[in-house]
Each structure stands twice: as C-alpha cells, then as structure tokens.
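Everything on this sheet refers to the single structure shown next.
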Amino acid sequence: LPEPGAVFNLGTGRQTRIEEIVALVRQIMAVGVEAHWNTMPARGWDTDTWVADNRRLADCWSWHPPTALADGLGRMLEWLRRTPDALARYRAAAAQSAR
C-alpha cells in the first residue's frame, strides 16, 4: 500500500481537449448554442497539456478507467436529473464562484 497522504491522479491517462468536452456535452445535452473561444486573457499558470497520470493507481490497485468519457458524462447528467437537490447545490456554487 502507498504511504499515507499519497496523491493519485484519476483519469483516462490521455489528454482530452476542452473542445472535445464541449462537443460531447453539447451533444449529450442537445445544446444548440456555440461556444465562444478565446474570450478570457491568457493565465500564466495555464498549460497546453493536462493529462492525469494514473499509473500509480494501476500499480497499487490495478485500477483502469472503467467508463468512457462520453458514457460518464451521460451518466452524470442522468444522476443530476434524478437528484435535483444536488443539481441545485452545484448551480448555487457555480453562481457563487462567478461573482
């Protein structure tokens, strides 16, 4: 077993660009509105590469992502529809962080 406080990255192990995520969400939720790109100034801490390195999970517990991204997003949407209290909390948190 890993040491207490060990950090594990949970993800597919492959980079997924935000454009892919937006396209999947638009498809799953039947969103007709187009995204507006490059509307925020560049942030110094941003990078072009964000990839979860899940090798530690695989080594310690033989874990591999069991769900494809599109399926996981669809399942999350269905869960939110079945759990309106959780959806309300997420909306409130998003509104608060937008201030």
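Okay, here's what the table says:
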read-out	value
Rounded FRET efficiency, nearest 0.05, which uses the C-beta distance separating residue 93 from residue 67 and R0 of 30 Å	0.80
Accessible heavy-atom area order of 37, 50, highest first, probe of 1.4 Å	50, 37
Mean-position separation - Cα centroids, region 30-99 and region 9-28, in angstrom	8
Extension gain, residue 7 back to residue 77 (0.36 nm per residue minus Cα-Cα distance, nm)	22.4 nm
Per principal axis, descending, Cα span of the chain in whole Å	45, 38, 27
Whole-percent pair-distance distribution, where bins are 5 Å wide, for the alpha carbons of region 42-99	4, 14, 11, 13, 17, 20, 17, 5, 0
Sulfur and carbon atoms: percent of accessible area, region 1-61 [1.4 Å]	56
Cα-centred dipole magnitude for region 1-78, charges only on beta-carbon of K, R (+1) and D, E (-1), debye, nearest 20	40
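The values are calculated or read from the model by the stated rules, or taken from the named source; none is laboratory data. The structure displayed is predicted, hence computed values, not measured ones. With ideal geometry, Cβ positions are generated from the backbone for all residues, glycine too; neighbour counts draw on all protein chains shown. Heavy atoms of the whole protein, side chains included, go into the accessibility calculation; ligands, DNA and RNA do not. Shrake-Rupley method; radii C 1.70, N 1.55, O 1.52, S 1.80 Å.
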